[in-house]
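A short write-up of the structure that comes next.
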Amino acid sequence: MQQNKLFVTFSPHERDDLKTDKIMLYVVYALIPAMGVSIYYFGFYAIRTYLLTIIFTLFFEAAFQKISKRKITLHDNSALVTAILLAMNLPPSSPWWLILVGSFIAIIVGKQVFGGLGQNPFNPALVARVFLLISWPAQMTNWIKPVPITQKFMIDAVSVATPLGQSKTEVLTYGKIVSSEIANVSNLFLGNVGGSLGEISAIAIILGGLFLLYKRIISWHIPVSFIVAFLVIVVPYWLFTPEKTLNPVIHLFSGGLMLGAFFMATDMVTSPVTKKGQIIFGIGCGILTAVIRLFGGYPEGVSFAILIMNAFVPLIDYYLRPKSFGEVTSA
């Protein structure tokens, strides 16, 4: 008797083996170049920050799920991705207690209280970064000078200003940029510049982003629209008032713009579903980032911009959702 091999089931239907754990693992792979550059320049401090963040976030994830009698889902690697992204949004010399609080906010407040993975409206790592930045601005802006690991493994915590921070301070103090050369583009690409662990090397972030695009984990819609919208605002402002802002190229590769465009804004849980929606989302992120950087009190605006646009995602999805077959639009 021939067996019936035709199975009819309800949607959604699984069409390949690309599940959550594998997607998150690809994101981890994509972050390896940036992690390597940060360890090369910050040595012990970078290793310590990554390890503590991973330990704390995994602990809070498992502990909350255990206490709330939910299934422990560390195997989906989402908490690991949140840990690495949070570490990349922290200064290399962050004290252990700051990392502990940030991990708690990211996992418990930013993710689990909403129901866990897939239910959180805001990017957990960015929720933690903004909370820490507002609560402890001194610790969150304590940048140290990068020193190649080949020269010295345990580097001294010599303070150094970031290009965005220095330019913002000079504009607010003197009304214009007074330093002749704040940043070198090659240093911004290679990572030889002060800043958070994940924002010092543009080329490492771009390589990771291209890997995600190649694996089709993300699409081009958010990163491209984010970057283009940002430049549409920054370039004309720089052409008319070059004494009040950095060169657009320096702006583009400084701070967390590349990390935000490729890894934070593209979070599939907190970004729109449709391609049109993703373009609108990316444009909003780019415009808000430019406005905050040029006219706000903070030198960096990526985190605030993405979180603000996260709040608009349900609205974007509602108005741009594809119509069901046979659906009649009300007059």
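The values are calculated or read from the model by the stated rules, or taken from the named source; none is laboratory data. These figures come from a predicted structure and were not determined experimentally. No Cβ is skipped: glycine too gets one built from the backbone with ideal geometry, and neighbour counts run over all protein chains shown. Note: areas computed on protein heavy atoms with side chains; ligands, DNA, RNA excluded. Shrake-Rupley method; radii C 1.70, N 1.55, O 1.52, S 1.80 Å.
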Across segment 41-80, the tally of residues that are farther than 26 Å from G191 by Cβ and part of a helix (DSSP H, G or I) stands at 15
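State all residues of segment 215-228 that are of a type in the set (G, A, S) and either free of Cβ contacts under 8 Å to residues at least 40 places away in the same chain or surrounded by 21 or more Cβ atoms within 10 Å (Cβ to Cβ) (or both); if no residue qualifies, say none.
S225
Yes/no matrix, rows are residues, columns are (1) assigned to a helix (DSSP H, G or I); (2) modelled with pLDDT under 95; (3) under 19 Å from the mean Cα position of the chain (by Cα):
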{"site": "T169", "(1), (2), (3)": "yes, yes, no"}
{"site": "L172", "(1), (2), (3)": "yes, yes, no"}
{"site": "S186", "(1), (2), (3)": "yes, yes, no"}
{"site": "L197", "(1), (2), (3)": "no, yes, yes"}
{"site": "L210", "(1), (2), (3)": "yes, no, yes"}
{"site": "I222", "(1), (2), (3)": "yes, no, yes"}
{"site": "V235", "(1), (2), (3)": "yes, yes, no"}
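Tell me which residues, restricted to segment 278-327, are assigned to a helix (DSSP H, G or I) and of a type in the set (G, A, S). Steps first, answer last, please.
Restricting attention to segment 278-327, the residues satisfying the condition of being assigned to a helix (DSSP H, G or I) are 278-295, 302-320.
If the condition is that a residue be assigned to a helix (DSSP H, G or I) and of a type in the set (G, A, S), then G282, G284, G286, A290, S303, A305, A311 are the ones that fit.
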Considering I99, I107, which residue is β-branched (V, I, T), within 21 Å of V37 (Cβ to Cβ) and open to solvent by less than 10 Å² (accessible area, probe 1.4 Å)?
-> I99
Check T245 against each of (1) buried (at least 19 other Cβ atoms within 10 Å of the Cβ); (2) more than 15 Å from the chain's Cα centre (by Cα); (3) outside any loop (DSSP other than H, G, I, E, B) and name the one condition it does not meet.
-> (3)
If we scan segment 248-266, do we find a residue that is assigned by the TED database to the domain that holds I206, part of a helix (DSSP H, G or I) and either open to solvent by 50 Å² or more (accessible area, probe 1.4 Å) or without any contact (Cβ under 8 Å) to a residue 24 or more places away in the chain (or both)?
-> yes
Scanning for something open to solvent by 50 Å² or more (accessible area, probe 1.4 Å) and under 25 Å from G116 (Cα atoms), does segment 31-50 turn up at least one residue?
-> no
